[in-house]
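All remarks here apply to the structure that follows.
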Amino acid sequence: MASKIVGLGMHAPPKKLTNHDLEKMVETSDSWILERTGIRSRRIADPGGANSDLALIASKRALADAGVRPEDIDLIVVGTCTADMPLPSTACFLQMKLGARNACAMDVNAACSGFLYSLSVADALIRAGRGKKALVLGSEVLSSIVDYTDRSTCILFGDGAGAAVLAECAEGEGILSCHLQSDGGLWELIHCPGPGTVNPLTPDLISRRMMYLRMSGNETFKHAVTKMADVAMKALSENGFGIDDVALFIPHQANLRIINAVGKRLGVPPDRVFVNLEQYGNTSAASIPIALSEAKAQGRIMPGDLALLVAFGAGLTWASALIRM
Ligand SMILES: CC(C)(COP(=O)(O)OP(=O)(O)OC[C@H]1O[C@@H](n2cnc3c(N)ncnc32)[C@H](O)[C@@H]1OP(=O)(O)O)[C@@H](O)C(=O)NCCC(=O)NCCS
């Protein structure tokens, strides 16, 4: 057996943080942000808002789209790097809130690649006969780890959740492949130093603002372009497809210049590249399932179409999935 996506849903909190709002918080401008990133606005959860609450709304929408009941779900996998609490997992909170009493639940932390890593875990477990239906999420409250005094990062990130319901299908349908790659040697490029075992919670950690995300933007940018293009090409070549077979290319929504550069390397026409980062910014693990969900709702991707999904994030991690919708 293989697995396929039978339902999709997304949720973004209503509160918007626009470029003009950021102009009042740090030394930046709407034109700089738009030109360098393509982002106009992002959605921000209320302070203390639980990641699992965003995930819950996206999950209910995906289950309704699939016509599947919470109790029919065998497995919940949440891709996130901004969990409700250090433990238990956000997936367990989601299971409780959803009433998915027959599911086992776990988080996967692969930062912005979290949804594709989670999709791969769920697909592999279904293929191994360890469940028939799975709920897979990318869900983040990035605003909880963003330093709103750092103009090089606070302009980029937003909050949101996207969910997919997977069900068994015949081999050759649905998820055709998942390719996952990591390079822990490049961890310093994007990281959040603490609190953790290396940098425990102390007044010093707080005064040095080490609980916030740090990023070397320029260096990260170069890796994102080459690695996303490489792993996308791997998905195509290993399945015997060319870029012309792909109905819609859905890249991680980090920066419009990264998306354009990857699209150019792959030779994919702009009208077959899905972009929605203008309204949401970079929502990390949530970016791909939000995009996929919107692409379906807008009729940009139809049953039988081939979709190529590509992610990149902290770790470093990067990944692709080739999917027959
Ligand atoms: C962060 C990013 C937008 C910065 O864009 P950039 O074109 O690389 O800009 P640079 O970092 O080279 O900075 C250029 C100048 O703009 C300044 N700058 C940085 N952020 C700014 C902001 N928000 N507003 C105005 N100026 C800013 C810098 O200080 C620098 O000034 P200097 O030349 O006087 O030193 C870009 O590097 C990026 O998107 N990187 C990848 C991020 C990413 O994908 N991360 C997540 C992966 S999941």
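A compact table of results
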quantity: Cβ pairs under 8 Å, 6+ apart, first in region 247-268 and on the phi > 0 side of the Ramachandran plot, second part of a helix (DSSP H, G or I) and more than 16 Å from the ligand (Cβ to nearest atom); calculated: Gly267/Ile243
quantity: Any hit, region 66-78, residues being within 16 Å of the ligand (Cβ to nearest atom), under 27 Å from Lys132 (Cα atoms), part of a strand (DSSP E or B) and modelled with pLDDT of 95 or more; calculated: no
quantity: Complete set of residues in region 246-258 that are assigned to a helix (DSSP H, G or I) and either away from the ligand (no atom under 12 Å from the Cβ) or within 20 Å of Gly79 (Cβ to Cβ) (or both); calculated: Ile258
quantity: Selected residue [more than 16 Å from the ligand (Cβ to nearest atom) and touching a residue at least 24 places away in the same chain (Cβ under 8 Å)] from Leu186, Leu166; calculated: Leu166
quantity: Given (1) outside any loop (DSSP other than H, G, I, E, B); (2) closer than 29 Å to Ser237 by Cα; (3) more than 13 Å from the ligand (Cβ to nearest atom); (4) not assigned by TED's automatic domain parsing to the domain that holds Gly313, number of the condition Leu180 does not satisfy; calculated: (4)
quantity: Residue tally, condition within 23 Å of Ala254 (Cα to Cα) and surrounded by 12 or more Cβ atoms within 10 Å (Cβ to Cβ), over region 195-219; calculated: 9
quantity: Among (1) under 17 Å from Ile190 (Cα atoms); (2) away from the ligand (no atom under 13 Å from the Cβ) - the single one Leu142 does not satisfy; calculated: (2)
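The values are calculated or read from the model by the stated rules, or taken from the named source; none is laboratory data. Here the structure is a predicted model, which is why all the values come from computation and not from measurement. FYI the Cβ positions are ideal-geometry reconstructions off the backbone, even for glycines, and counts take in every protein chain you see.
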